[in-house]
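**Q** Take this structure first; my questions come after.
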Amino acid sequence: STIADSQSHSELDSLYKADDEVTIIVELEDKPLIEYYSAGKTSNSVSSFIKSSKSQGINNQLLKQQEIVKQRIQKEVPIVVEQEYTVVMNGFSFIAKYSDLDTIKAVKGVKNAFVSTVYRLPDLEIEHKPTMAFSSETISSTEANKAGYTGKNMVVAVLDTGLDVKHEAFKNSP
């Protein structure tokens, strides 16, 4: 199962118009670099493998194959490539019109293509500048300082207790 499996046309059609420009991620049929690494057959770490001359040769072959598929896509659809991926996934991302998604999926060498959800910070009407002028009052550090606590030689830990998957920021995630 891939990320794209969870993106039905009806869900996407409700989010995008045909001529909306979207970021599309294309996964190619050729396997990614990490699948050439055999943990049990070598004493090298993954990072050592990625830096090896063998890995670099495979990576160059993957990039050459990507160029061939990009040219095939560009014969059908104008695209602007943003990123190339070879390590965990063999593919690339680009900007194209939403209506071109099915055409891209049909190109020889494409295993799958899907719209990438892109999150952007909202434009704020008020300019917010970070300030430390009132931070002591906010966290009551003045009282702690008066009691002799300065923070010197202290260790601070932040515990992340979970993720609210029902939060609005995740409503379009697969």
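**Q** Could you tell me whether any residue of the stretch 79-91 is farther than 30 Å from Glu35 by Cα and of a type outside the set (A, V, I, L, M, F, W, C)?
**A** Taking every residue of the stretch 79-91 in turn, none turns out to be farther than 30 Å from Glu35 by Cα and of a type outside the set (A, V, I, L, M, F, W, C).
**Q** Against the definition (of a type in the set (Ser, Thr, Tyr), free of Cβ contacts under 8 Å to residues at least 40 places away in the same chain, part of a loop (DSSP other than H, G, I, E, B) and surrounded by fewer than 10 Cβ atoms within 10 Å (Cβ to Cβ)), how does Thr161 come out, yes or no?
**A** Considered against the rule, which asks whether it is of a type in the set (Ser, Thr, Tyr), free of Cβ contacts under 8 Å to residues at least 40 places away in the same chain, part of a loop (DSSP other than H, G, I, E, B) and surrounded by fewer than 10 Cβ atoms within 10 Å (Cβ to Cβ), Thr161 comes out as yes.
**Q** Among Val88, Val115, Val107, which is the only one that is out of contact with any Asp or Glu (no Cβ under 9 Å at 6 or more places or on another chain), at pLDDT 85 or above and open to solvent by less than 90 Å² (accessible area, probe 1.4 Å)?
**A** The match here is Val115.
**Q** Now, a different point. Looking at the stretch 17-34, which of its residues are aliphatic (A, V, I, L, M) and either out of contact with any strand residue (DSSP E or B) (no Cβ under 7 Å at 6 or more places or on another chain) or exposed (fewer than 13 other Cβ atoms within 10 Å of the Cβ) (or both)?
**A** Hits for the stretch 17-34 are Ala18, Leu33, Ile34.
**Q** Return a yes/no flag: does the stretch 125-136 have any residue that is open to solvent by less than 60 Å² (accessible area, probe 1.4 Å) and free of Cβ contacts under 8 Å to residues at least 40 places away in the same chain.
**A** The answer is yes, given that some residue of the stretch 125-136 is open to solvent by less than 60 Å² (accessible area, probe 1.4 Å) and free of Cβ contacts under 8 Å to residues at least 40 places away in the same chain.
**Q** All but one of (1) open to solvent by less than 80 Å² (accessible area, probe 1.4 Å); (2) over 19 Å from the mean Cα position of the chain (by Cα) hold for Ile95; which doesn't?
**A** Single failed check for Ile95: (2).
**Q** Of everything in the stretch 98-121 that's under 14 Å from the mean Cα position of the chain (by Cα) and aromatic (Phe, Trp, Tyr), which residue is nearest to Lys171 (Cα to Cα)?
**A** Tyr119
The values are calculated or read from the model by the stated rules, or taken from the named source; none is laboratory data. Keep in mind that this is a model prediction, so the values were computed, not measured. Glycine also receives a Cβ, built like all others from the backbone with ideal geometry; neighbour counts cover every protein chain displayed. Please note that ligands, DNA and RNA were not included when accessible areas were found on the heavy atoms of the full protein model with its side chains. Shrake-Rupley method; radii C 1.70, N 1.55, O 1.52, S 1.80 Å.
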